[in-house]
There are 2 protein chains.
Amino acid sequence: MAQPIEFYFDFSSPYSYFASVRLDDLAGHYGRVVRWRPILLGAAFKVSGMQPLLDIPLKNEYVRRDIARFARLLDLRFRLPEKFPFAAVAASRAFYWLDAQDSALAKRFAKAIFRQIYGAGADVSDVDFVCDLASGMGVARDELKAALGSAELKEKLRAEVDAAVAKGVFGAPYIVVDGEPFWGADRLAQIEEWLVTGGW
Amino acid sequence: MAQPIEFYFDFSSPYSYFASVRLDDLAGHYGRVVRWRPILLGAAFKVSGMQPLLDIPLKNEYVRRDIARFARLLDLRFRLPEKFPFAAVAASRAFYWLDAQDSALAKRFAKAIFRQIYGAGADVSDVDFVCDLASGMGVARDELKAALGSAELKEKLRAEVDAAVAKGVFGAPYIVVDGEPFWGADRLAQIEEWLVTGGW
């Protein structure tokens, strides 16, 4: 059986959101599953010297326009939260805690987080917001909240981020198909071509 | 009549090359013409603080792999010249000198320059190489060579680059369709969608 497609993303990346709404369906058409891996781009930026998109003069104006336009093309409600970019620590840790129990649930949770951020402008750096959202999906709120403060879960996220950077993940979305990396929400067409042809 | 599509590119940008081989045909399908504008990305980088792609840790490894893969997808011979990136001053100045006389000739010249760089690894920062190439296309070699050293042509390129940066051009290829900017060779599908629909 083919290995899963790896989907590295940061909740604080609108382009990650755009890729997330289509990637599972796209992979499914070719009998493939997607393994979601939230990361924190800040760690990659420390290695690369790159900066958050909206901090770059000239490019920031383009990006603001482009993300709104990209969202319209995908028929997605879209707004940037007031606090942006943000460190998606709580949501990412919660993802890995859920993922260890039920990867399908973790993926539904991640999709709900993305919709809350970019559909409703929610502040998901708020631990209680994250716990409430998970609770609404049937997760034991107190257990999750306790886990979010644990050294074990902090270490889990750190290890995932370090592993991603060691693999060369410098931006998001960063999607790996059979060892072949594709960066950017605008590369889904090339990913589909790769899945259809087995590579070129 | 619709205004031309503006195509800002740097000869020292492989992604500009990839866009260049398809953009005129794509525009032509919708009755549109493309106005080619070579620029020097270094001037934009001074404003944005961005760096050449191959100077960025982590990202550089991806880019090397991606440009080779992108070229294969487009069925293009491809190699990076030994001196890369390079300042495409001579080729860009020559373009504008030709463009003032015959824009179709200037475009053919630009396409030949791109093929020489990425198909054959040529060093187009060499003034004599540029003059020889133009001469082979019927251009008066001595006149071109004299123009390349003139203050007037230096100023022309500088003014074009400054105007591009003032418009927000921070990278290349940067393509403007009816005032709407699209950055990157991987955005031709969105550009086509824009041409078909008139925007979304």
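What the table below lists for this structure:
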{"read-out": "Subset of segment A:3-33 (residues that are in a strand (DSSP E or B) and under 22 Å from A:Phe70 (Cα atoms))", "value": "A:Phe7, A:Tyr8, A:Phe9"}
{"read-out": "Condition broken by A:Ile175, with the remaining ones in (1) under 14 Å from A:Ala27 (Cα atoms); (2) surrounded by fewer than 18 Cβ atoms within 10 Å (Cβ to Cβ) satisfied", "value": "(2)"}
{"read-out": "Pairs where the first residue, in segment A:128-142, is among the charged types (D, E, K, R) and the second is surrounded by fewer than 19 Cβ atoms within 10 Å (Cβ to Cβ), C-beta under 7 Å, 6+ apart", "value": "A:Arg141/A:Ser135"}
{"read-out": "Lone qualifier among A:Ile67, A:Ile39, A:Ile56, A:Ile5 - being of a type in the set (Val, Ile, Thr), in contact with a strand residue (DSSP E or B) (Cβ under 8 Å, 6 or more places away or on another chain) and within 14 Å of chain B (Cβ to nearest Cβ)", "value": "A:Ile39"}
{"read-out": "Test: residue in segment B:165-172 that is among the β-branched types (Val, Ile, Thr) and surrounded by fewer than 20 Cβ atoms within 10 Å (Cβ to Cβ)", "value": "no"}
{"read-out": "Residue match in segment A:44-52 (condition: closer than 15 Å to A:Tyr15 by Cα and either more than 14 Å from chain B (Cβ to nearest Cβ) or over 18 Å from the mean Cα position of the chain (by Cα) (or both))", "value": "no"}
{"read-out": "Scope segment B:122-149; condition surrounded by 16 or more Cβ atoms within 10 Å (Cβ to Cβ) and of a type in the set (Ser, Thr, Tyr); matching residues", "value": "B:Ser125"}
{"read-out": "Any chance B:Phe78 is away from every other protein chain (no Cβ under 12 Å) and either aromatic (Phe, Trp, Tyr) or touching a Cys at 6+ places or on another chain (Cβ under 8 Å) (or both)", "value": "yes"}
{"read-out": "Unique match (being within 15 Å of the chain's Cα centre (by Cα) and more than 30 Å from B:Lys167 (Cβ to Cβ)) among A:Ala112, A:Ala27, A:Ala100, A:Ala122", "value": "A:Ala112"}
{"read-out": "Complete set of residues in segment A:42-59 that are in a helix (DSSP H, G or I), buried (at least 17 other Cβ atoms within 10 Å of the Cβ) and either modelled with pLDDT of 95 or more or in contact with a Phe, Trp or Tyr (Cβ under 8 Å, 6 or more places away or on another chain) (or both)", "value": "A:Ala44, A:Ser48, A:Lys59"}
{"read-out": "Out of B:Asp55, B:Asp75, sole residue that is without any contact (Cβ under 8 Å) to a residue 24 or more places away in the chain and within 18 Å of B:Asp24 (Cα to Cα)", "value": "B:Asp75"}
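The values are calculated or read from the model by the stated rules, or taken from the named source; none is laboratory data. All values derive from a computational prediction rather than experimental measurement. Backbone-built Cβ (ideal geometry, glycine too); neighbour counts: all protein chains shown.
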